[in-house]
Amino acid sequence: VSFSRLTIQTNDFSRIRAELQRLIGTPEQHGIPVIVDSSVALDLSELLTELRQMGVQVLGIVSGVLTEQAQALHLPILMADQPMQRIQASEPILPAHPLQARTSHATNTQPEPIVVLHHETLRTGQQLIAEHGDVILTADMNSGSELIAMGSVHVYGTIRGRVLAGSSGQTHARIFCQRLEAELVSVAGTYHVADDIPAEYIGQAVQICLNPSGELEYRPLRGLS
């Protein structure tokens with residue numbers, strides 16, 4: 001079954017409603033299946049009402065602050081995920097030009113890397129994040145691993161985990177890989193799970209970007225002009 005995780009980080013229902021409208025459009029788009037994962041306490045009955053009005057179908061609740069309410073409402077409860085292990089890059093590349101350095105003389109902080117370069121296989125449960133630029137992986141990604149970049153993602157190996165480019169909404173970001181077998185790919189919040197990826201690109205060298213309509217577009221790496 002394909003479904004989405006709806007992560008709730010506020011108990012302000014007006015904000016939740018506005019974000020749902022931005023993400024899924026009008027209530028006429030019925031039947032979107034989700035599991036709800038909330039980090040804040042709120043009225044679960046009220047949340048379910050809001051979601052139903054938006055055409056969202058709740059399959060279950062991730063265990064946590066809403067567990068007792070979910071039990072009282074006879075909703076399925078899913079075990080929470082194990083936390084990802086965030087790893088450090090093999091070789092963060094710092095800005096070469098002083099004007100590019102995101103640093104403060106007052107606090108004597110170090111400039112942020114503009115590229116994160118990693119040479120080891122990204123293993124199940126590991127997460128690598130480039131908070132200020134691109135990420136380059138010169139090895140493979142295992143299933144259950146995660147690669148996140150504010151900019152673009154370049155993988156000189158096989159993607160088997162989750163890859164998110166343009167994590168802060170950069171629509172120009174792209175994903176490049178030598179072999180695509182991903183669990184999830186995302187550019188600026190627009191994503192495909194494995195079942196959504198066109199079959200002809202599975203196992204291929206691929207570039208993924210957003211087209212002018214804001215949809216994910218797949219292109220073969222070889223033969224690009």
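The values are calculated or read from the model by the stated rules, or taken from the named source; none is laboratory data. Small disclaimer: the values here were computed from a predicted structure and weren't measured. Don't worry about glycine lacking a Cβ; one is built from the backbone with ideal geometry, like all the others, and counts go over all protein chains shown. Please note that ligands, DNA and RNA were not included when accessible areas were found on the heavy atoms of the full protein model with its side chains. Shrake-Rupley method; radii C 1.70, N 1.55, O 1.52, S 1.80 Å.
Take every Cα pair under 8 Å whose residues are at least 6 apart in sequence, average their separation, divide by the length of the chain, and the relative contact order is 9 percent. Taking label positions 7 Å along the Cα-Cβ direction at both V40 and A194, the computed distance is 3.4 nm, reported to one decimal.
Segment 153-223 and segment 114-128 have Cα centres separated by 17 Å. Starting from the Cα of E91, move 7 Å in the Cα-to-Cβ direction to define the label point; list residues of segment 138-155 whose amide nitrogen is under 12 Å from there. Hits in segment 138-155 for E91 at 12 Å: 138-139. When the chain is treated as a GNM with alpha-carbon contacts under 10 Å, the residue of G133, G189, G214 showing the greatest mean-square fluctuation is G214. Beta bridges per DSSP, both residues in the chain: antiparallel share near 30 percent. Specify whether the C-alpha gyration tensor of segment 120-225 places it in the rounded, prolate or oblate class, a ≥ b ≥ c being the square roots of the eigenvalues: rounded for a/c under 1.5, otherwise prolate if a/b is larger than b/c and oblate if not. Note, shape of segment 120-225 comes out rounded.
Semi-axes of the equivalent ellipsoid for the chain, computed as √(5λ) from the eigenvalues of its C-alpha gyration tensor and ordered from largest down, come to 33, 22, 18 Å. Comparing Q57, Q204, Q71 in a Gaussian network model of the chain, where Cα atoms under 10 Å apart are tied by springs, the biggest mean-square fluctuation is seen for Q71. Normalising the Debye intensity of segment 143-205 to I(0), with uniform scatterers on Cα atoms only, and taking log10 at q = 0.12, 0.22, 0.28, 0.29 Å⁻¹ returns -0.24, -0.82, -1.26, -1.31.
At full extension, R17 and R219 could sit 69.2 nm farther apart than now, given 0.36 nm per residue minus the alpha carbon distance.
Near A70: Cβ cut-off under 13 Å, other residues only, Lys/Arg at +1 and Asp/Glu at -1. The net charge is -3. Residue ranking by accessible heavy-atom surface, 1.4 Å probe, largest first, among H119, H154 comes out as H119, H154.
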